[in-house]
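Right, one structure below, let's go through it.
Where a number appears in this text, it was derived from the coordinates with a stated rule and is not lab data. Keep in mind that this is a model prediction, so the values were computed, not measured. Cβ sites come from the backbone with ideal geometry, for glycine too, and all protein chains shown count toward neighbours.
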Amino acid sequence: MNQEILAHILYGVIGLAYFIYLVQEIPTIGVGIFNIFIAKSNEDKKKLQSISGLYSDGIEVWLIAAVGLTFATFPEAFGELFSGIYVAAYLLLIAIIFRGLSVELIFKDDHPKWIKYMSLAWSISGLLLMFVLGVYFVNIFTGFTYENQSMDMNIFSIFSTASISGGLLFIALSFVLSSVWMKFNGLEDLSSKAFQFIKKYGIIYSIPLLFSLVLMGINNNIVSIISGELFTKYTWLIAIPIASLLFFMLVTLFSYLVKPLITYVSYFLGLAFFFISGFLGTFPYTLFSNVAFEEGLTISETMSSPLALTVLSVVLVIILPIVILYQGQKYVYFLRKDKH
Amino acid sequence: MLEVLSRLQFALTVAFHFIFVPFTIGLIIFVLIFEHRYYKTDDQKFKKLSEFFGNIFIINYAFGIVTGIVMTVQFGTNWSEYVRAMGDVFGSPLVIEALLAFFLEATFAGIWAFRRNKISKTFRLITLWMIFIGVMLSALWIITANGFMQNPVGATWLVDEGKVIFDNFGNLFFNPYAWYMFTHNHLASIMLTSFIVLAISMYHIQKKHNADAFKISAKIAAWVILITAVLMPITGNLYMNLIAVVQPDKLNMIQNGVSVSQDVGEILPIYVRGAFLVMVGLGTFFILFGLYVVIYFERIYTSNTLKKIMYAFIPLPYIAIMTGWMVAEMGRQPWIIYNMMKVSEGISQVPVAQVWFSIILLISFYVLLFFMDYYLSIKTIRKGFDGDLS
């Protein structure tokens with residue numbers, strides 16, 4: 001197959017891998033964040049650990065796969081991007097390390113102090129992870145100050161109203177969706193406490209507000225996803241970010257009414273449309289410059305060789321469905337088993 | 001300064017990550033052996049052995065996986081010029097590793113860690129097989145990537161563009177350098193684990209905790225030490241024959257402690273030779289040690305003094321495997337990709353302050369992680385079958 005076509009398909013697969021990662025990660029991270037707020041006994045904490053830890057490593061691999069695919073498919077964009085977001089990348093790593101360890105190891109020692117500090121680490125690392133991921137994705141969709149083939153970034157460049165709102169949005173979503181996740185896993189009491197918590201502190205109401213700030217923020221520049229190639233050519237595409245906002249409003253509504261399934265569906269679609277908006281808006285750039293469109297790096301400029309793209313495509317075609325099948329089967333098997 | 005810091009950070013993070021890797025590579029094999037015996041015989045002894053060592057596996061696996069993610073991201077943050085030049089070839093093995101290996105081991109490790117007592121015996125066994133296959137494939141593909149850096153085959157260097165272009169997947173995968181490395185490293189990892197399993201088993205025998213069960217694990221470990229210790233020099237020798245052809249300067253450093261390259265100075269080749277001598281010396285000792293523990297197993301079994309000596313030997317295989325990697329990595333200096341690209345050409349041009357930030361951040365957290373792992377592992381080991389095996 002043509003090199004450019006393969007590169008374009010892989011661009012979509014990278015977006016898909018990031019989406020699959022986040023759509024699973026947000027609810028399980030929220031379970032960890034919640035552990036210090038609603039789980040007072042070790043027994044409750046163990047229940048939360050069980051519904052998060054069973055899946056967390058498998059979920060994390062989607063992030064590794066997405067990052068690895070960017071590396072292999074668009075090496076130049078990968079190098080520029082990660083050296084540009086250096087500090088955020090390390091904050092993300094520290095959050096991933098502590099979240100991964102705390103969920104696995106919290107009950108490997110029964111000393112009360114160990115459990116106390118690991119609970120705290122589980123919650124704080126979850127908050128940090130959600131915040132940094134929100135900041136990261138909003139930056140990907142807003143673009144970077146990239147011109148003359150170099151990043152003009154400092155430690156604070158990644159923080160803007162939009163990106164901070166994105167970070168807070170991910171935190172709010174993780175609170176809401178983890179309440180749903182607890183319900184799906186048959187933890188009725190904890191789920192009720194979680195729903196009460198997110199209503200009491202107004203977390204559910206913040207979602208549409210924060211998402212509106214994200215949308216306004218990422219379109220604040222002259223160079224933005226809305227003024228990008230596809231959105232300019234096909235104006236009806238504007239319906240996608242609007243749909244995303246509507247679905248996030250439905251998350252608020254249905255979580256207020258404590259309707260777990262439909263809350264989850266709204267969240268899934270809201271996040272999906274947000275990602276589709278972002279990836280369509282930044283198309284055909286693998287590194288989107290908010291200085292000027294022509295400064296960005298495109299798919300064609302940064303793609304790997306035909307053989308590399310062919311190898312990646314063949315491996316993905318064979319392995320990805322198998323991975324989705326066994327991970328999906330794991331959810332079906334254990335959700336059914338745990339509920340009973 | 002930027003180059004020194006980037007090198008230092010990579011060396012520290014990879015060395016720290018590698019504390020956990022060989023141990024988990026070997027330990028999953030032991031866990032699988034015990035689980036197989038439990039599956040076949042329904043003997044609770046084997047179930048307990050499988051869960052006890054499986055618990056230690058999960059602790060070290062957790063540390064291994066999180067410190068491994070740092071390596072992938074670090075290529076982008078600190079080695080972006082290398083990625084730009086080599087990503088075309090180097091990226092594919094990393095993606096294949098994630099898709100084939102990481103998904104498998106991570107998905108099933110979650111089941112082993114959190115549901116192993118709520119699933120059938122067959123499902124337990126399948127779970128461990130999947131983790132084992134994942135671990136094997138992970139080691140294979142990361143060494144395929146490293147093998148390319150040592151002996152770049154399957155790609156052509158485009159001088160004008162300053163990057164490589166991937167032209168033969170078969171050559172990359174069947175790179176003999178990678179296969180020798182994989183075999184040698186895997187044997188070393190299994191041996192290292194056997195030293196630890198032997199010491200842990202002897203500890204419980206000494207304490208008279210389930211001595212009959214731990215006698216089985218000790219005996220298996222003793223035999224595995226002997227077998228791997230005999231195989232190591234054989235694979236090592238074959239590996240050296242290839243090095244003589246594809247990396248003559250490395251051989252020069254190993255044999256004479258000197259290099260023809262002007263870039264490496266006089267000290268580094270001496271370190272390479274020193275590391276090689278330590279590795280070979282320990283390798284020779286391991287054969288004698290293996291013979292001793294197999295032949296005089298019963299004597300060790302009854303003598304508390306000999307058992308205590310077993311604990312003291314645990315650092316030795318770590319030193320051997322680390323010095324082996326020092327020979328492999330320091331011996332290819334100044335090249336990041338042998339005879340193609342120098343290490344100094346691969347670093348990211350980022351502000352030095354940022355690299356200071358990441359080094360200090362990582363060192364602080366890694367010191368904490370080291371103590372956490374040590375504390376938990378020792379506590380779990382001491383508890384034996386009385387620990388939380390559920």
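Is there a simple number for the mean count of other chain Cβ atoms within 10 Å of the Cβ of residues in B:113-125, and what is it?
What the average comes to for B:113-125 is 3.
Using only the alpha carbon atoms of the stretch A:3-339, find the Kirkwood hydrodynamic radius as the inverse mean reciprocal pair distance, in angstroms to one decimal.
Averaging 1/r across every pair of different Cα atoms and inverting gives 20.6 Å.
Among the lysines, which fall within straight-line cross-link reach of residue B:383, defined as a Cα-Cα distance under 20 Å, with same-chain neighbours fewer than 8 residues apart omitted?
Within the straight-line cut-off, residue B:383 pairs with A:108, A:113, B:45, B:47, B:48, B:207, B:208, B:215, B:307, B:308.
Please rank B:181, A:182, B:240, fewest neighbouring Cβ atoms within 10 Å first, as an exposure proxy. Can you show the working numbers first?
Working: B:181 24, A:182 28, B:240 16.
In order of increasing Cβ crowding within 10 Å: B:240, B:181, A:182.
Starting from the Cα gyration tensor of the stretch B:2-386, take the square roots of the eigenvalues, sort them a ≥ b ≥ c, and report rounded, prolate or oblate (rounded when a/c is under 1.5, otherwise prolate if a/b is larger than b/c, else oblate).
On the way: a/c = 1.89, a/b = 1.55, b/c = 1.22.
Verdict is prolate for the stretch B:2-386.
Give me the Debye-computed log₁₀ of I(q)/I(0) at q = 0.15, 0.20 Å⁻¹ for the stretch B:13-115, equal point scatterers on Cα only, no solvent, two decimals.
For the stretch B:13-115, the Cα-only Debye profile gives -0.72, -1.05.
Would the stretch B:327-390 count as rounded, prolate or oblate if I go by the C-alpha gyration tensor, calling it rounded below 1.5 in a/c and otherwise prolate when a/b exceeds b/c, oblate otherwise?
It is oblate, given that a/c is not under 1.5 and a/b is not larger than b/c.
Report, to the nearest 10°, how far helix A:112-142 tilts away from the longest principal axis of the Cα atoms in chain A, using its own Cα long axis and a range of 0 to 90°.
For helix A:112-142, the angle is close to 30 degrees.
Under 19 Å from a point placed 7 Å out from the Cα of residue B:382 along the Cα-to-Cβ direction: which residues of the stretch B:21-57 have their backbone N that close?
B:52-53, B:55-57
Just how large is the dipole of chain A about the Cα centre, in debye to the nearest 20, putting +1 at every Lys and Arg Cβ and -1 at every Asp and Glu Cβ? It would help to have the intermediate numbers written out before the result.
Numbers: 18 positive and 20 negative charges, 335 e Å.
With Lys and Arg at +1 and Asp and Glu at -1, about 1620 debye.
Kirkwood Rh, the stretch B:171-268, all Cα pairs: how many Å? Write down the numbers at each step before the final one.
Values: mean 1/r = 0.0619 Å⁻¹.
So the Kirkwood estimate lands at 16.2 Å.
Return B:43, A:109 ranked ascending by Cβ neighbour count within 10 Å, so the fewest neighbours appear first.
B:43, A:109
For the stretch B:126-225, restrict the atom set to alpha-carbon positions and state the Rg and Dmax in Å.
When restricted to Cα atoms, the stretch B:126-225 yields Rg and Dmax of 20.3, 69 Å.
Between B:247, B:32, A:91, whose Cα lies farthest towards the positive end of the dipole of the protein assembly as shown when Lys and Arg beta carbons carry +1 and Asp and Glu beta carbons carry -1, centred on the Cα centre?
Final value for the positive-end residue is B:32.
Go ahead and estimate [θ] at 222 nm for chain B from helices alone: -39,500 (n - 2.57) per DSSP H run with n ≥ 4, summed, over the residue count, rounded to 500.
Helices in chain B give a 222 nm mean residue ellipticity of -27500 deg cm²/dmol.
Roughly how large, in nm² to one decimal, is the mean projection of the convex hull of the alpha-carbon atoms in the stretch A:48-152?
7.5 nm²
Which whole-number percentage describes the relative contact order of chain B, with Cα contacts under 8 Å and a sequence gap of 6 or more? Write out the running numbers ahead of the final one.
Values: 489 pairs, mean separation 87.4, N = 390.
After rounding, I find 22 percent.
What average number of partner chain Cβ atoms lie no more than 10 Å from the Cβ of the residues making up A:306-316?
For this peptide, the per-residue mean of nearby foreign Cβ atoms is 5.
Using Stokes-Einstein with the Kirkwood hydrodynamic radius over Cα pairs, what translational diffusion coefficient do you get for the protein assembly as shown at 37 °C and a viscosity of 0.692 mPa s, in µm²/s rounded to a whole number?
My calculation gives 122 µm²/s for D.
Taking the Cα centre of the stretch B:1-148 as the origin, how large is its charge dipole in debye, to the nearest 20, when only Lys and Arg (+1) and Asp and Glu (-1) carry charge on their Cβ atoms?
740 debye
Going by Cα centres, the stretch A:261-302 and the stretch A:25-73 are how many Å apart?
24 Å
By what distance, in whole Å, do the Cα atoms of the stretch B:1-71 stretch along each of the three principal axes, largest value first?
60, 14, 13
Sort the following peptides by mean Cβ neighbour count (other Cβ atoms within 10 Å, averaged over residues), highest first: B:158-167, A:124-133.
On the way: B:158-167: 15.3, A:124-133: 23.7.
Per-residue Cβ counts within 10 Å, averaged per peptide and sorted highest first, yield A:124-133, B:158-167.
Putting +1 on Lys and Arg Cβ atoms and -1 on Asp and Glu Cβ atoms, find which of B:123, B:142, B:101 reaches farthest to the positive end of the dipole of the stretch B:47-174.
Looking along the dipole axis, the top candidate is B:123.
Over the stretch B:198-346, what is the relative contact order in whole percent, taking alpha-carbon pairs under 8 Å and six or more residues apart?
Relative contact order here is 28 percent.
Which angle between 0 and 90 degrees, to the nearest 10, do you get for helix A:161-184 versus the longest principal axis of chain A when only C-alpha atoms count?
The two axes meet at around 40 degrees.
What average number of partner chain Cβ atoms lie no more than 10 Å from the Cβ of the residues making up B:370-378?
The shielding value for this peptide is 2.
For the stretch A:39-101, place one equal point scatterer on every Cα, skip the solvent, and apply the Debye formula. What is log10 of I(q)/I(0) at q = 0.22 Å⁻¹?
Scattering profile of the stretch A:39-101, log10 relative to I(0): -0.96.
Per residue of chain A, what 222 nm ellipticity follows from adding -39500 (n - 2.57) for every DSSP H run with n ≥ 4, rounded to the nearest 500?
-27000 deg cm²/dmol
Within the stretch B:86-111, which residues have the backbone N less than 14 Å from the label spot 7 Å out from residue B:157 along Cα→beta-carbon, could you tell me?
Taking a point 7 Å out along Cα→Cβ of residue B:157, the residues of the stretch B:86-111 whose backbone N falls under 14 Å are B:86.
Which peptide among B:273-280, A:317-324 comes first, and what is the full order, when sorted by highest mean count of other Cβ atoms within 10 Å?
So the peptides B:273-280, A:317-324, ranked by packing, come out B:273-280, A:317-324.
Which value in nm describes the separation of the simple spin-label points at residue A:155 and residue A:199, placed 7 Å from the Cα toward the beta carbon?
Once both label points are built, they end up 4.3 nm from each other.
Using the Kyte-Doolittle scale, find the helices of chain B whose mean hydropathy is at least 0.5 and whose Cα atoms extend 24 Å or more along the helix's long axis, counting only whole DSSP H runs.
Within chain B the helices that satisfy the rule are B:2-41, B:44-78, B:121-150, B:176-206, B:211-246, B:267-295, B:352-383.
Return a whole-number percent for the relative contact order of chain A, with Cα pairs under 8 Å and 6 or more residues apart as the contact set. Display every interim value, and only then the final one.
Details: 475 pairs, mean separation 81.0, N = 340.
Relative contact order comes out at 24 percent.
What is the magnitude of the charge dipole of the protein assembly as shown about its Cα centre, with +1 placed on the Cβ of each Lys and Arg, -1 on the Cβ of each Asp and Glu, and no other charges, expressed in debye to the nearest 20?
Working: 45 positive and 42 negative charges, 716 e Å.
Its charge dipole is roughly 3440 debye.
Nearest 10 degrees is fine. How inclined is helix A:203-218 to the longest principal axis of chain A, computing both from alpha carbons?
Value to nearest ten degrees: 10.
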